[in-house]
Every structure is written in structure tokens, then in C-alpha cells.
Amino acid sequence: MALSRRKPVGYPEISFLSFDVLALLTRIQTEMGLDAVGPVTFSLQTMETLACIRWEQGRPGGDIFFHSLFNRPDVPQPVIEHVLRHELLHLKIPAREIDGKLVHHPPEFWEAEQALVPWKSASWGWMVLAFWEVIKTDRPNECTWVKKSWRKLQKYPYPSWQMILDDHNRYSDKQGQIQGLMESL
């Protein structure tokens, strides 16, 4: 997930999600007290990162982009909700300089995200199982890249959310990798 000042290249796709993502976005924006920022749009498209938010100073609202990897009816709503909350949180807690470096996810961002998304670990567990072969964590740049060959590399069906909740052992051997991904974002 990343912060973007430029719009991702590509074309928006028709959503194949099994729920109304725009209604979910509106509900979360209201819950987070972000109605005053203006309208926030959402689109799914092939791009370089897993997700990002784009906004401009002086312009109301913002644009949230999710990679096409999420555009399937079997993607669980809690995963989408986690990523939406993460991206919207950038509107509340902006990037700041730490030790001479601009940090898009300062410590207070992670604290606020943990309070907003208590199921974050399960959500990352799902994303690791679903996307592991096609994503690459970039800690210095605070984002998760999607490999250009993602369509060829994706071989397996997505796991169910219930499986993640029922069987933590299935991804417990990847806890270090999951933690690394979460800390890098």
C-alpha cells in the first residue's frame, strides 16, 4: 500500500467484488470522521502497487486505487475494509519527516491503524496466502509492489476468510513475513 501523488496508469475495471465497495467506503469514511475531506473515489485497476491513495493539496477528497488482484468475488470484505481504512488513515495522519526522511507511515499511523483494524493480522494472513507469489515488499519506500508478471504467476485459488479465522496454523509459519509486510507499509 502506498501514497501516490500521481494517478496510476491504466484503466479502471468493473468491480467483481461480492459486496458494494462504494457503500463500504462511505460508511468507513463517516466512521473515521472524514466526511469533511470531501468525496473519496475508489477504483480497481492494474498498477504497480497493491493499493494507494492520491490527493492534492487544496483539492477536496481523494482517490483510492486497488490493484486488480483484489477484483474477484472471493476477496473477503474484511480484507477490503482493512485496506480502505489504511488508505483513508493517510488523510488523517499525513506523512512527516523523521530523522531527515519523509515517512508516510509514522509510528502514530500504525497505532491508529491497529485501533481501527484489530483484524489486521488475519487480513495480512489472507493477503500473504492469496498474493505471496506476486507481491514484493519494499521497506525503504514503504510499499508493496505487484510483480509485472502477476497474471502468469497466480496459480492458486484465493483462500476463504473462514479458513484464515479457523486455521491460524496454516499461515503461522509465515508470521515473520507477515510482520515484515505490515511493518513495511
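Some observations on this one:
- The listed residue being modelled with pLDDT of 95 or more and in contact with a Ser or Thr (Cβ under 7 Å, 6 or more places away or on another chain), out of Pro78, Pro12: Pro78
- Flag: Val134 matches the condition of being over 29 Å from Met32 (Cα atoms) and either of a type in the set (Val, Ile, Thr) or in contact with a Gly (Cβ under 8 Å, 6 or more places away or on another chain) (or both).
- Scanning segment 104-115 for residues that are surrounded by fewer than 18 Cβ atoms within 10 Å (Cβ to Cβ) and within 23 Å of Val75 (Cβ to Cβ) yields one hit, Gln114.
- Annotation: of all residues in segment 104-156 being acidic (Asp, Glu) and part of a helix (DSSP H, G or I), the one that is nearest to the chain's Cα centre (by Cα) is Glu113.
- Residue match in segment 91-102 (condition: part of a helix (DSSP H, G or I), closer than 20 Å to Leu25 by Cβ, within 15 Å of the chain's Cα centre (by Cα) and at pLDDT 95 or above): no
- Close pairs (9 angstrom Cβ cut-off, 6 or more residues apart or separate chains): touching a residue at least 60 places away in the same chain (Cβ under 8 Å) in segment 85-103, among the basic types (Lys, Arg) anywhere: His86/Lys120
- Put simply, of Ser43, Ser68 the only residue that is closer than 22 Å to Lys136 by Cα, free of Cβ contacts under 8 Å to residues at least 40 places away in the same chain and small (Gly, Ala, Ser) is Ser43.
- Just so you know, in segment 24-45 the residues that are touching a strand residue (DSSP E or B) at 6+ places or on another chain (Cβ under 6 Å) and not in a helix (DSSP H, G or I) include one that is nearest to Gly62 (Cα to Cα), and it is Val40.
- Flag if Lys101 is on the phi < 0 side of the Ramachandran plot and surrounded by fewer than 12 Cβ atoms within 10 Å (Cβ to Cβ): yes
- The residue of segment 15-53 that is farthest from Ile64 (Cα to Cα), among those that are at pLDDT 95 or above and acidic (Asp, Glu), is Glu31.
- Qualifying positions in segment 71-98 - surrounded by 13 or more Cβ atoms within 10 Å (Cβ to Cβ), out of contact with any strand residue (DSSP E or B) (no Cβ under 8 Å at 6 or more places or on another chain) and under 18 Å from Ile164 (Cβ atoms): Arg72, Asp74, Val75, Pro76, Gln77, Pro78, Val79, Glu81, His82, Arg85
- Candidates Trp161, Trp150, filtered to the one that is in contact with a helix residue (DSSP H, G or I) (Cβ under 8 Å, 6 or more places away or on another chain), closer than 23 Å to Ile28 by Cβ and either of a type in the set (Phe, Trp, Tyr) or modelled with pLDDT under 95 (or both): Trp161
The values are calculated or read from the model by the stated rules, or taken from the named source; none is laboratory data. It should be emphasised that the depicted structure is a prediction, and the values quoted were computed from it without experimental measurement. FYI the Cβ positions are ideal-geometry reconstructions off the backbone, even for glycines, and counts take in every protein chain you see.
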